[in-house]
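A.B. asks: Pasting a structure below so you can have a look.
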2 protein chains.
Amino acid sequence: MNAPLSLSHLKTACSNCNLRELCLPVGLTHEEVESLDELVYTRKRIKRGESLFRAGDAFQSLYAIRSGFFKTRVATDDGRDQVSGFQMAGELLGIDGIGTDAHNCDAVALEDSEVCIIPYGKLEELARRFTPLQHHFHKVMSREIVRDHGVMLLLGSMRAEERLAAFLLNLSQRFTARGYSASEFILRMTREEIGSYLGLKLETVSRTFSKFQDEGLISVQQKHIRITDIPGLKRVMGQSGASC
Amino acid sequence: MNAPLSLSHLKTACSNCNLRELCLPVGLTHEEVESLDELVYTRKRIKRGESLFRAGDAFQSLYAIRSGFFKTRVATDDGRDQVSGFQMAGELLGIDGIGTDAHNCDAVALEDSEVCIIPYGKLEELARRFTPLQHHFHKVMSREIVRDHGVMLLLGSMRAEERLAAFLLNLSQRFTARGYSASEFILRMTREEIGSYLGLKLETVSRTFSKFQDEGLISVQQKHIRITDIPGLKRVMGQSGASC
DNA sequence: GCCGCGGGTTGATCCATGTCAAAATGCGCC
DNA sequence: GGCGCATTTTGACATGGATCAACCCGCGGC
């Protein structure tokens, strides 16, 4: 089922990975990136619907998404759960596990995906030797915190339309950073997953998509989205009490 | 207005701080904690209502709360804002600034407070030399992420009563960890600030407090809270779809 | 001791979003 | 290529919490 080890190993090198401008190597010198190569020596394929890790699993490694698309999901003990994020190529999964030596959420592939396995112990060791790597890793974690604060702001103070507009604009921007179209993309997740992430019910997500379409902001057909009026969406996002 | 420098300096030492079981030194050996002493050499007093830092300020240092109580607040460009957390003695402020070299939120003292200034560059340097410190610092950041996911879950999927119950239980637990009563405390924040944090309006917070009181779960008098039925509050928190 | 004001409580009403239901669409599997 | 199921859309109705408004309380200042 797995690719032969040698082949897999051959391909695994941050220094010639086309995601190095998005992933851990950002801002490192060529030499420093080569030191990462010794760190990241295994890849893993995850099929759509499968989990990379689950809440409670022992924490060993971080994972850099090489290709594909994931969602992370947190749960309460009484059975409720919520999507806590959607991750795409170049982003890091598993940081939540550092604090308790066990993962605190499930990471589920929303399409067939591939991740680079980053043994955490080795990363810490390397971070002690290479200041820029240490610095960059701290930045990645800090930005994750800032991102979460943004989501909290969205969940705590925005209305359904604003949330969805923010969501679409965020996706658009992340696709742009990866060289894809800013205005046309395929949603990898269901309405229910979008709703869970945004604190809305799937019907509300669907209705709001339809509303945006009626208003000429986007065109939706199932999972296919085309944003036809980016400034318009931005206006939706900031419209609540903004008049004063 | 400031205490004489020498005096302030004399007192500043993690190794004999009574918060060392809650703060950065957790889990470090005595020798390692002494190395922290060289790091933390200044304290700062913040009066009630004043800001320790504001969004946009250049990031230089982290701050460990030595005494007092803070809120952090994030804002959108269109003027909305939201309380993103309440921090008490032993907790760390400023981590949000690492990612962009500028703070992303305001930290406001809710009572006269004192913080230890931890120059970030020095902390990174020390983390390179002392593995346990590095490890611990990463854990602190990771736990912050996990905490934020918990708040996202609360904001996205809990009803007003559940949110407030979770909030009270969280405060109770944190006071306990500091040696204070688990069941009786003074709220340092207004109803509006609680509401902002929980994604509710102040009227809803007030009404829900009254409801809890009618049900015999707590007794409220302005900022004075006594929890009379902790298991009852826990039941409120997990009641939604929990029957099946 | 009194006054003024910020913060808190409570009531009446409204509305955004949830809930329930049913039909339509599209995709995977045989 | 057709069947069946998951997903999406849309409609009708219910409701939790927001909004608006009035009043109360307690604290700090004079």
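A.B. asks: Using the Kyte-Doolittle scale, find the helices of chain A whose mean hydropathy is at least -0.5 and whose Cα atoms extend 27 Å or more along the helix's long axis, counting only whole DSSP H runs.
C.D. replies: On the way: long enough: A:131-157 (39 Å, -0.07).
Counting only whole DSSP H runs, the qualifying helices are A:131-157.
A.B. asks: Would you list A:Glu162, A:Glu32 from the most to the least accessible area, probe 1.4 Å? Numbers along the way, then the final one.
C.D. replies: Details: A:Glu162 0, A:Glu32 30 Å².
Ranking A:Glu162, A:Glu32 by accessible area, largest first, yields A:Glu32, A:Glu162.
A.B. asks: What is the calculated FRET efficiency for A:Arg178 to B:Ser67, with r their C-beta to C-beta distance and R₀ = 41 Å, to the nearest 0.05?
C.D. replies: With a Förster radius of 41 Å, E is 0.30.
A.B. asks: Run the accessible area of the protein assembly as shown with a 1.4 Å probe and give the carbon-and-sulfur part as a rounded percent. The partial results should precede the final answer.
C.D. replies: Details: 11140 of 22630 Å².
The value for the protein assembly as shown is 49 percent carbon and sulfur by accessible area.
A.B. asks: P(r) of the stretch A:158-236 in 5 Å steps, Cα pairs, percent per bin?
C.D. replies: Values per bin, smallest distances first: 3, 17, 29, 29, 18, 4, 0.
A.B. asks: Here is a further query. What's the total accessible area buried between chains A and B, using a 1.4 Å probe, rounded to the nearest 100 Å²? Numbers along the way, then the final one.
C.D. replies: On the way: alone 13470 and 13440 Å², together 22630 Å².
Chains A and B together bury approximately 4300 Å².
A.B. asks: Here is a further query. Between A:His30 and A:Asp81, what is the spin-label point distance in nm, taking each point 7 Å from the Cα along the Cα→C-beta axis?
C.D. replies: 4.5
A.B. asks: Here's a follow-up. My understanding is that a pair violates if its Cα-Cα distance is over 28 Å; which of A:Lys47/A:Lys223; B:Lys47/B:Lys234; A:Lys71/A:Lys201; B:Lys201/B:Lys234 do that in this structure? Mind showing how you got there, number by number?
C.D. replies: Values: A:Lys47/A:Lys223 19 Å; B:Lys47/B:Lys234 35 Å; A:Lys71/A:Lys201 17 Å; B:Lys201/B:Lys234 22 Å.
Correct reply: B:Lys47/B:Lys234.
A.B. asks: With springs only between Cα atoms under 10 Å, which of B:Val26, B:Val40, B:Val83 fluctuates most in a Gaussian network model of chain B?
C.D. replies: Taking springs between Cα atoms under 10 Å, the residue moving most is B:Val26.
A.B. asks: Taking the Cα atoms of chain A, what is the range of coordinates along each of the three principal axes, in descending order and whole Å?
C.D. replies: 53, 41, 41
A.B. asks: Excluding ligands, DNA and RNA, what is the solvent-accessible area per residue of the stretch B:158-236 at a probe of 1.4 Å, expressed in Å²?
C.D. replies: On the way: 3970 Å² over 79 residues.
The answer is 50 Å² per residue.
A.B. asks: Return the Rg/Rh ratio of the protein assembly as shown with Cα-based radii and a Kirkwood Rh.
C.D. replies: Numbers: Rg = 23.3 Å, Rh = 24.1 Å.
That ratio equals 0.97.
A.B. asks: Just to confirm, what accessible area per residue do you get for the stretch B:7-130 at 1.4 Å probe, in whole Å²? Walk me through the intermediate numbers first.
C.D. replies: On the way: 5340 Å² over 124 residues.
That works out to 43 Å² per residue.
A.B. asks: Right, something else. How long is the gain from B:Thr190 to B:Lys211 if the chain were fully straight, where each residue apart is worth 0.36 nm and the alpha carbon distance is subtracted? List each step's numbers first, then the result.
C.D. replies: Working: separation 21, 0.36 × 21 = 7.56 nm, distance 1.78 nm.
Full-extension gain reported as 5.8 nm.
A.B. asks: Shape verdict for the stretch A:127-187, please, from the Cα gyration tensor: rounded (a/c under 1.5), prolate (a/b greater than b/c) or oblate.
C.D. replies: Working: a/c = 5.30, a/b = 1.55, b/c = 3.41.
Since a/c reaches 1.5 but b/c is at least a/b, the shape of the stretch A:127-187 is classed as oblate.
A.B. asks: Under the Karplus relation 6.51 cos²θ - 1.76 cosθ + 1.60, θ = phi - 60°, what is the ordered set of whole-Hz ³J(HN,Hα) values for the stretch B:100-105, x standing for Gly and Pro?
C.D. replies: 10, 6, 8, 5, 10, 8
A.B. asks: Over the whole of A:70-78, what's the average partner chain Cβ count within 10 Å per residue? Rounded to a whole number, please. Mind dumping the intermediate values first?
C.D. replies: Values: counts 0, 0, 1, 2, 7, 1, 11, 3, 8.
Mean inter-chain Cβ contacts per residue within 10 Å come to 4.
A.B. asks: Quick check: with the 1.4 Å probe, what order do A:Asp96, A:Asp214, A:Asp81, B:Asp78 take by accessible area, largest first?
C.D. replies: Numbers: A:Asp96 10, A:Asp214 135, A:Asp81 75, B:Asp78 40 Å².
Descending order: A:Asp214, A:Asp81, B:Asp78, A:Asp96.
A.B. asks: Seen from all sides and averaged, what is the projected area of the convex hull of the Cα atoms in the stretch A:7-130, in nm²?
C.D. replies: For the Cα atoms of the stretch A:7-130, the hull's average projected area reads 7.7 nm².
A.B. asks: Something else: What figure in square angstrom, to the nearest 10, would you give for the accessible area of B:Thr190 with a 1.4 Å probe?
C.D. replies: 60
A.B. asks: Something else now. Efficiency by 1/(1 + (r/R0)^6): what FRET value for B:Leu202 and B:Gln222, r their Cβ-Cβ distance, R0 = 22 Å, to the nearest 0.05?
C.D. replies: On the way: r = 14 Å, r/R0 = 0.62.
Between B:Leu202 and B:Gln222 the formula returns 0.95.
A.B. asks: I want to verify a result. In a Gaussian network model of chain B, Cα cutoff 10 Å, which of these has the top mean-square fluctuation: B:Ala58, B:Ala160, B:Ala89?
C.D. replies: Of the options given, B:Ala58 has the highest mean-square fluctuation.
A.B. asks: Where does each of B:Tyr180, B:Tyr197 land when they are ordered by accessible area, with a 1.4 Å probe and the largest first? Show your work: numbers first, answer last.
C.D. replies: Values: B:Tyr180 145, B:Tyr197 30 Å².
The ranking, largest first, comes out as B:Tyr180, B:Tyr197.
A.B. asks: Roll a 1.4 Å probe over the protein heavy atoms and report the accessible area of A:Glu111 in Å², nearest 10.
C.D. replies: Accessible area of A:Glu111: about 50 Å².
A.B. asks: For peptide B:131-144, compute the average count of partner chain beta-carbon atoms within 10 Å of each residue's beta-carbon.
C.D. replies: Working: counts 3, 0, 0, 5, 4, 0, 2, 10, 4, 3, 10, 13, 5, 6.
For peptide B:131-144, the averaged partner shielding equals 5.
A.B. asks: Also, quick follow-up: A:His224 label points, 7 Å along Cα→Cβ, one per copy: pairwise distances from this copy to the rest in nm, shortest first?
C.D. replies: A:His224 label point versus its equivalents elsewhere: 6.7 nm.
A.B. asks: Counting pairs of alpha carbon atoms under 8 Å apart in space and at least six apart in sequence, what relative contact order in percent does the stretch B:32-109 give?
C.D. replies: Details: 133 pairs, mean separation 32.3, N = 78.
Averaging sequence separation for qualifying contacts and normalising by length gives 41 percent for the stretch B:32-109.
A.B. asks: Within a 10 angstrom radius of each residue's Cβ in A:98-106, how many Cβ atoms of other chains show up on average? Whole number is fine. Mind dumping the intermediate values first?
C.D. replies: Values: counts 9, 10, 4, 2, 0, 1, 6, 3, 0.
That works out to 4 on average.
A.B. asks: Using a Gaussian network model of chain B whose springs link C-alpha atoms within less than 10 Å, name the residue from B:Ile230, B:Ile194, B:Ile117 with the highest mean-square fluctuation.
C.D. replies: B:Ile230
The values are calculated or read from the model by the stated rules, or taken from the named source; none is laboratory data. Since this is a predicted model, take the numbers as computed values, not measurements. Using ideal geometry, Cβ is built from the backbone for each residue, glycine included, and neighbour counts are taken over all protein chains shown. Note: areas computed on protein heavy atoms with side chains; ligands, DNA, RNA excluded. Shrake-Rupley method; radii C 1.70, N 1.55, O 1.52, S 1.80 Å.
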